[in-house]
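What follows is a short report on a single structure.
The values are calculated or read from the model by the stated rules, or taken from the named source; none is laboratory data. Computed from a predicted model, the values in this text were never measured in an experiment. In this analysis, Cβ positions are derived from the backbone assuming ideal geometry, glycine residues included, and neighbour counts consider all displayed protein chains.
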Amino acid sequence: MNSDPTSCSVHKGQVESALLRSSPEATFVCFRRKRVIYSQGDTATCAFYLQEGHVKLTVATMQGEEGVVALLREGDFIGESCVAHDLPVRTTSAVTVSDCRLIRIDRRSLLERLHQEKDFSDLFLSYVIRRSNEVQEHLIDHLFNPAEKRLARILLSLARLGTQAYSESTIPALSQETLAEMVGTSRPRISIFMNRFKKLGFVDYGPMIKVKSSLFTVLASNKSSVITSDSDCYSVHPTPLDLRQKRSRRESSSWETATSD
């Protein structure tokens, strides 16, 4: 999770300057909300740098199932994997969540910048490492944390509230379906969690979602905890995973007793 929103804006200005100064081929492009920037399976001929707005990355299966794998915001690259020689086609689709303004740079120009300009190369490498860390955090969330904690982390990450020094920030009003796909749970559960977060004063929503740093309370709670009441506190309560593990141990114990007899 990005720890400092101000540092992101500094890097954003440096990257934009490097792209526009060194790449005559770089062009500004704008997309309205819910427009496709590129589709999964397209030839990867260019990358984009997001100046304004939010973009979601989705993956579709051969059976037609689709899932959201990332939500990108200003200061992020989109389709940067085009520089890899072993990835000639897009592995995801990029769709705008809000009105967006981007810088488009073709693959050849991007590779030239990376080889010729150390400062730009360092910034690009730093971004790639940060994205890799975010993907790992997302995977760890799915493996070990309950759905409400995964939702809280995603909201804080999108709002760039990496430390509690920043009291609140706003993000686009995402649909519950989109949040459910990102968290890996059902839409009704997202509705329950968001309503609880709002009642506890962690978030507020209307045309935009306002995320407050008090949402860190969810991340700081016991890993096996879920919200059990509408009060301003969290109590230890077994999650479905805990109950399944307990039932599995009980069944295993019963089976061992039966076989020993």
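A single member of R101, R90, R160 is surrounded by fewer than 20 Cβ atoms within 10 Å (Cβ to Cβ), in contact with a strand residue (DSSP E or B) (Cβ under 8 Å, 6 or more places away or on another chain) and either on the phi > 0 side of the Ramachandran plot or modelled with pLDDT of 95 or more (or both), and it is R101.
Among the numbered conditions (1) part of a loop (DSSP other than H, G, I, E, B); (2) assigned by TED's automatic domain parsing to the domain that holds V36, the only one that R160 does not meet is (2). Within segment 184-211, residues that are in the same structural domain as E65 (by TED's automatic domain parsing) reach no partner that is in a helix (DSSP H, G or I) with beta carbons closer than 8 Å at six or more positions or on different chains. Selection of first residues in segment 83-108 that are under 15 Å from Q51 (Cβ atoms) and of second residues that are of a type in the set (D, E), restricted to Cβ pairs under 6 Å at least 6 apart or on distinct chains, gives the following pairs, ordered by first then second residue: R101/E52. Selection over segment 166-186 of residues that are touching a Leu at 6+ places or on another chain (Cβ under 7 Å) and polar (S, T, N, Q) gives a count of 1. For segment 209-219, the count of residues that are modelled with pLDDT under 90 and not in a helix (DSSP H, G or I) is zero. Every listed requirement among (1) in contact with a strand residue (DSSP E or B) (Cβ under 6 Å, 6 or more places away or on another chain); (2) at pLDDT 50 or above is met by H237 save one, (2). The residues in segment 168-183 that are of a type in the set (A, V, I, L, M) and surrounded by fewer than 18 Cβ atoms within 10 Å (Cβ to Cβ) can be counted, and the count is 1.
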